[in-house]
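See below for the structure under consideration.
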Amino acid sequence: MDVHASVKRIAIYGSTGSIGRQALEVITAHSDQFSVEVLTANTNDDLLIEQALHFKPNMVVIGDDTKYSKVKDALSSTDIKVFAGEKALEEVAAMDCYDLMLAAIVGYAGFKPTINAINAGKAIALANKETLVVAGDIVMRTAVEKRVPIIPVDSEHSAIFQCLVGEMRNPIEKVLLTASGGPFLGKKTNFLVNVKREHALQHPNWNMGAKISVDSATLMNKGLEMIEAKWLFNLKPEQIQVLIHPQSIIHSMVQFQDGSIKAQMGLPDMKLPIQYALAFPKRIPNDFPRCDFRKINTLTFEDPDLRTFRNLSLAMEALDKGGNLPCIMNAANEIAVYAFLRNRIGFLDMTDVIEKTMEKVSFIAQPSLEQYYESDGEARSYAADMIDL
Ligand code: NDP
């Protein structure tokens with residue numbers, strides 16, 4: 001018997017990021033069940049080298065090709081293959097050496113490797129929500145054609161996915177997508193106008209990468225998640241309700257047609273949904289801290305403040321209209337967040353950039369993949385010109 005037969009071979013796209021690093025912790029704790037075959041980074045060559053020397057993958061890819069020689073030299077005494085550049089990220093995604101991709105690159109940059117992996121028949125543990133926001137119809141259609149499972153890593157979607165196990169034949173009435181509310185919950189526009197990068201990066205419950213932290217502060221993250229939920233669970237916009245739940249204990253809920261509601265709960269720790277996605281359909285033991293309800297004692301819920309956090313309204317508009325609008329919104333948001341993180345624009349300016357770009361770039365009801373790429377490019381350059389980036 002092949003003792004390695006049950007070892008899942010994992011490619012971690014974005015291994016130097018917050019999700020990527022936590023995934024490596026999960027794998028370290030379960031090295032009998034998972035092996036690391038591919039690691040990728042963009043700019044963090046030092047960490048990629050350190051990870052590669054430790055986990056000894058089959059190959060590594062560094063997105064920024066100016067860093068190729070440094071990585072190659074550092075790994076020259078090993079037989080780890082080293083590649084560099086955007087094209088290599090896409091090509092390696094289609095290679096035979098792994099079973100499951102953890103898609104944990106941030107933003108649109110994660111789209112092409114992920115779609116290539118799906119086309120190559122690889123299972124996907126999806127953290128990169130932007131992939132579904134950009135072209136969810138094409139991604140899900142391709143996954144069905146290739147019989148590829150897409151297992152969500154986002155904690156809310158993992159929660160919904162877990163609530164649906166065993167419910168294949170039971171239609172969903174609606175999903176309740178919970179949101180912590182971010183660091184500015186309860187604040188109004190007169191406060192937000194002065195908010196700086198450092199404030200926006202202080203999330204009360206989760207420790208995440210910079211882009212998603214800003215998205216959480218503006219509530220754009222919840223908007224992206226609504227679109228993600230639509231595609232993952234085949235929902236109509238009116239079946240997705242956002243509920244602010246500051247304690248982040250209920251990660252989301254599903255209401256069925258008999259009015260019964262299932263919730264998935266736990267402490268806010270991304271290692272949990274990461275492990276679930278890697279190990280699915282199994283649940284494997286771990287020693288993460290457990291939730292003690294006697295210490296929590298209150299769980300509260302409220303509607304989001306759409307007048308203050310207008311990014312969420314814009315995302316709802318994109319969700320309703322569909323077509324290339326979510327793709328345009330996503331591109332403008334990436335540019336706006338990039339500019340905000342570099343102190344080039346203020347917190348509320350991000351909404352203006354997104355709104356104007358959504359008005360400006362032509363709407364296409366049923367875009368081809370090529371048209372999605374074009375819409376992304378057009379939206380990025382319009383948004384960047386507006387900010388003078
Ligand atoms: P981080 O910013 O921490 O990490 C991003 C990763 O992507 C890094 O490995 C980075 O490489 C790599 N990367 C960035 N740009 C490029 C590029 N142009 N080409 C190739 N690789 C690139 O992000 P997170 O880990 O926080 O988030 C990753 C994804 O997971 C996002 O889509 C996010 O929305 C989603 N997610 C994250 C959660 C979290 O708790 N962090 C929760 C739920 C979803 P390098 O650092 O080497 O430059």
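Applying a threshold of 22 Å to the alpha-carbon distances of LYS230/LYS360; LYS236/LYS262; LYS146/LYS174; LYS174/LYS321; LYS129/LYS360 flags LYS230/LYS360; LYS146/LYS174; LYS129/LYS360 as lying beyond it. With θ taken as phi - 60° and the Karplus curve 6.51 cos²θ - 1.76 cosθ + 1.60 applied, the whole-hertz 3J(HN,Hα) list for segment 222-231 is 5, x, 4, 5, 4, 5, 4, 5, 3, 6 Hz, x standing for glycine and proline. Measuring nothing but how far apart in sequence close Cα pairs (under 8 Å, 6+ apart) lie, relative to its length, the chain scores a relative contact order of 14 percent.
The H on the amide N of LYS81, modeled in the peptide plane, is under 5 Å from the matching H of MET59, VAL60, each at least 5 residues off or on a different chain.
Listed by chain and number, the aspartates and glutamates whose alpha-carbon sits under 19 Å from that of LYS56, ignoring those within fewer than 8 places in the same chain, are GLU25, ASP32, GLU37, ASP45, ASP46, ASP73, ASP79, ASP96, ASP99. Scalar couplings 3J(HN,Hα) for segment 112-129, obtained by applying the Karplus form with A = 6.51, B = -1.76, C = 1.60 to θ = phi - 60°, are 5, x, 5, 5, 5, 5, 5, 4, 8, x, 7, 5, 10, 9, 9, 9, 6, 5 Hz; x denotes Gly and Pro.
Couplings 3J(HN,Hα) for segment 12-25, derived from phi with the Karplus relation 6.51 cos²θ - 1.76 cosθ + 1.60 (θ = phi - 60°), are 9, 8, x, 6, 8, x, 4, 5, x, 5, 5, 5, 5, 5 Hz, where x marks Gly and Pro. Using the Cβ-Cβ distance between SER69 and TRP206 with R0 set to 25 Å, the FRET efficiency from 1/(1 + (r/R0)^6) comes to roughly 0.10. HIS245 contributes about 0 Å² of solvent-accessible surface, heavy atoms of the protein only, 1.4 Å probe. Stokes-Einstein, applied to the Kirkwood radius of the chain over Cα pairs at a viscosity of 1.306 mPa s and 10 °C, places its translational diffusion at 74 µm² s⁻¹.
Remark on segment 291-389: hydrodynamic radius 14.8 angstrom, per the Kirkwood mean of 1/r across alpha carbon pairs. Determine, from the Cβ-Cβ distance of ASP96 and GLN247 and an R0 of 51 Å, the FRET efficiency 1/(1 + (r/R0)^6), rounded to the nearest 0.05. My answer for the efficiency is 0.70. Computed from the Cβ-Cβ distance with R0 of 45 Å, the FRET efficiency linking ASP258 to ARG197 stands at 0.45.
Taken as Cα centroids, segment 208-258 and segment 31-54 sit 30 Å apart, rounded to the nearest whole angstrom. Residues whose amide H lies under 5 Å from that of LEU243, counting only those 5 or more places away or on a different chain, are LEU177, THR178, ALA179; hydrogens are built 1.01 Å from N in the peptide plane. Segment 57-85 and segment 134-187 have Cα centres lying 35 Å from one another. Distance between the 7 Å Cα→Cβ label points at ARG283 and ASN170: 1.6 nm.
Amide H neighbours of PHE288 under 5 Å, at least 5 residues apart or on other chains, H built in the peptide plane: list them. Counting only residues 5 or more places away or on other chains, the set is empty.
The values are calculated or read from the model by the stated rules, or taken from the named source; none is laboratory data. Small disclaimer: the values here were computed from a predicted structure and weren't measured. A quick note on method: Cβ atoms are made from the backbone with ideal geometry, for glycine too, and the neighbour counts reach across all protein chains shown. Surface accessibility is based on the protein's heavy atoms, side chains included, excluding ligands, DNA and RNA. Shrake-Rupley method; radii C 1.70, N 1.55, O 1.52, S 1.80 Å.
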